Every structure is written in C-alpha cells, then in structure tokens.
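Here's the structure we're looking at; comments come further down.
Taken together, the values in this text are just the output of simple stated rules run on the coordinates, not laboratory data. As the structure is a computational prediction, the values presented were derived from the model and not from experiment. Here the Cβ positions follow ideal geometry from the backbone for every residue, glycine too, while neighbour counts run over all protein chains shown.
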Amino acid sequence: MEYYIGIDLGGTNIAAALVDGQGKILGRANLATGAGRPAAEIAADMAHAGRRAAEQAGVPIEQVSAVGMGVPGTANQKEGVLEFANNLGFLHEPIVEMMAGCFPGKQIWFDNDANAAAWGEYLAGGGRGADSMIAVTLGTGVGGGIILGGKLWNGVNYGAGELGHMVIDQNGPECNCGRRGCFEALASATALIRQTREAMDNAPKSLMWELCGGDKRMADGKTVFEAAGRGDRTAAMVVERYISYLAVGITNLVNLFQPEIICIGGGVSLAGAALLEPLKQIVAAGDYARDSSVRTEIRLAELGNDAGLIGAALLGRR
Ligand SMILES: [Zn+2]
C-alpha cells in the first residue's frame, strides 16, 4: 500500500490528510495558520498537521512515501520556493527545503493551491480517466487549473492557469487585478452575491428578501438559486444573466483548449443542475467546434474542499 501526506495551506487554516494511492483520505488534521508568523514556523505546523493526519489514520510515518503541499501563491518548482503569497506575507520562501527538514528522506512536492485542487479532481474526481481537463472553481474568486496530456500546465514562470483574469467584458466591473470585466469579476460567487443584492434593491417584493430575513447582507450564493427555483422572476433573471457570463468564459476555454472535460467546482457549483444544464446549452450552441462529433463535456466537481488535499498528496504523479 502506498501512502502520501497532502497539506493544503490556506490564509486561515492548515488542512492535512493522509491519502492512499487511489486518492482516498484515511486521516485528517487541521491547525490554524496564524498568518503573519515566519514561514519556518508555519512550515513546522504544516508538518505537525501532516504527522497528526498519519497518526489518525494509524499509518506509521515510515510508510509515507511523499509529502505534497498546495500553497496560496506562486510555486517556483525549479527552486522549491514559494515566490509570493499575499495573504501570508511570504516573499521568496524556500518552503520545500523547510518541509524536507521536517520529513527527512521523504520526497516533497508542491504547487499552487488551485492547481493542486484541479489535480485532485483530475485524478480522483470529475476528471477521472480523462487525458485533458480544465478545472474552474467558482468561489471568492474564479480559480482553476489546466491539465493537458496528463500534465498540469504551470507556465514559463509558474503563473499559468489564472482563468479568473481572462477579460470577458472590457467595460465590466473592476477586478482586483487592475483590469475590468475579468471572468472573476462577473462569475465568481462574490460577483453573484453582488448581482443578487443589486437586483434586490430594484425589487422590493422579490422572494429573495424573505429568504434572507429582510437583510440583503444575509443574501449568499444560494439565495438567488433558491428563489429562482421557487418561481421568483427577479431571481430567475439574475441566475440567467450570471450563467450567461459564466458561459462566455467557459466557451472561451472550450474554444482555446477543447479539453475532454471542464470540471466546475466551488461554492456556486452546489446549485447543481440549475447551474449546469443551462450552462451546457449555451456553451453547446456557441462552441466553435459545435459540428464536431466529439465535444468537451462540462461536469460538476465531485470532491469539494478535499480536492486540494488529495491533489497535493498526489502531486508526484504530474
Ligand atoms: Zn482580473
């Protein structure tokens, strides 16, 4: 039996798992990140969480072949350096060496957290068995990962796969990156919530007010789908417009890469068929290769937050 430790380093939480060769999680541990501390201290806690996950699974650390990390920033794999992680205040941290010191003799792998999550879905979730897959995660931002010919595409300096910053409306809302109308500025969960609240302002009788107890700050990514499902017209219009934005970005990806699978994850994907079915229809009608007999399949992600842990653990399979 092969065993791996996967670690997902977030801005607030360090999650760790003991994973087998099939991508099954056998043990878990969590610790607070304590952002703002030196990288070496955080790395020591990551190692601690990894060991606890192995303990919880009852697997002696000697039987663990490798340790993989998903990190929130640019993972320079040639040098083993986490170049830049904004929410941790990290700049050029030799995180692989730090982790190797905590796990003598073991192989250490790392990649950007979005890539790790894409890799997890590819190996053990919505992309199982495919040759090419693009993961699109609709969360606070829009993240993703590009897997072509069984390999994660990192780019010339490990910054590839930033699907969220593809512009889909040059006159659209400002994005954190400094451009306007990025995919993320229109199709993230954050954008959907903003669109929901704006629509509520213009529709005092919408069911959405009732669903969030009269306080639009309580509206989240689910509110609009629930209201639309119960026949609220304003909500249905918000959903329709949101999916049309999403479809522009997804169609661009289909036209650029024609992957076997596009795997949609993140909080908004929990809307399920109400999101997926209309999205598929719009993409199918606009896809440049729409007359082709073999088409890209759009699917929902299967692993939720575990994708990042499983993908990190199995990064050695890249
Ligand atoms: Zn942007």
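Each residue, Met218 and Arg37, gets one label point 7 Å from its Cα in the Cβ direction; the gap between the two is 3.7 nm.
Using only side-chain charges placed at the Cβ, +1 for Lys and Arg and -1 for Asp and Glu, the dipole size of the chain relative to its Cα centre rounds to 340 debye.
Here's the picture: a label point sits 7 Å out from the Cα of Ser244 along the beta-carbon direction, and within the range 181-225 nothing has its amide nitrogen under 13 Å of it. For the chain, the spread of Cα coordinates along the three principal axes comes to 61, 48, 37 Å, biggest extent given first.
In a fully extended conformation the segment linking Arg194 and Asn13 would gain 62.6 nm over its present Cα-Cα distance, using 0.36 nm per residue. Principal axis analysis of the Cα atoms in the range 1-112 yields extents of 37, 28, 22 Å, listed in decreasing size.
Fewest-first ordering of Asp131, Asp113 by other beta carbons within 10 Å of each residue's beta carbon gives Asp131, Asp113. Distance between the pseudo-spin-label points of Arg318 and Leu270 (7 Å out from Cα toward the beta carbon): 3.0 nm. Shape class for the range 45-164: oblate, because the ratio a/c of the largest to smallest gyration tensor axis (alpha-carbon atoms, square roots of eigenvalues) is 1.5 or more and b/c is at least a/b. Note on the range 165-318: the C-alpha convex hull projects to 10.9 nm² when averaged across all orientations.
Here the range 139-181 is scanned for amide nitrogen atoms under 18 Å from the site 7 Å beyond the Cα of Asp131 along Cα-to-Cβ, giving 146-153. How would you classify the range 67-106 from its alpha-carbon gyration tensor, with a ≥ b ≥ c the square roots of the eigenvalues: rounded for a/c under 1.5, else prolate if a/b is greater than b/c, otherwise oblate? In terms of gyration-tensor shape, prolate. In a DSSP loop and with at most 15 other Cβ atoms within 10 Å, the GluC sites (Glu not before Pro) in the range 59-142 are Glu79.
Potential lengthening of the chain between Met237 and Glu297 amounts to 19.0 nm, from the contour at 0.36 nm per residue minus the alpha-carbon distance. Just going by the charge dipole of the chain, with Lys and Arg at +1 and Asp and Glu at -1 on Cβ, which of Asn202, Phe225, Ile14 is farthest out on the positive end? Farthest towards the positive end: Asn202.
Residue separation of Asn86 and Ala160 scaled by 0.36 nm, minus their Cα-Cα distance, works out to 24.9 nm of gained length. Looking at the chain alone, DSSP beta bridges between its own residues are antiparallel in about 60 percent of cases. Among the DSSP helices (H) of the chain, those spanning at least 15 angstrom by Cα along their long axis with an average Kyte-Doolittle hydropathy of 0.0 or more are 233-257, 273-286; this is a geometric and hydropathy rule only.
Of Trp153, Trp119, Trp209, Trp109, the sequence from fewest to most neighbouring Cβ atoms within 10 angstrom is Trp153, Trp209, Trp109, Trp119.
Look at where the Cα atoms of the range 114-173 and of the range 267-313 average out, and the two centres are 12 Å apart. Placing R0 at 25 angstrom, the Cβ-Cβ distance between Gln258 and Cys177 gives a FRET efficiency of 0.40 after rounding to 0.05.
Adding -39500 (n - 2.57) for every DSSP H run of four residues or longer, then dividing by how many residues the chain holds, sets the calculated 222 nm ellipticity at -11000 deg cm²/dmol. Among Ala273, Cys175, Gly50, which residue has its Cα furthest toward the positive end of the charge dipole of the chain, with +1 on Lys/Arg Cβ and -1 on Asp/Glu Cβ? Positive-most Cα among the choices belongs to Ala273.
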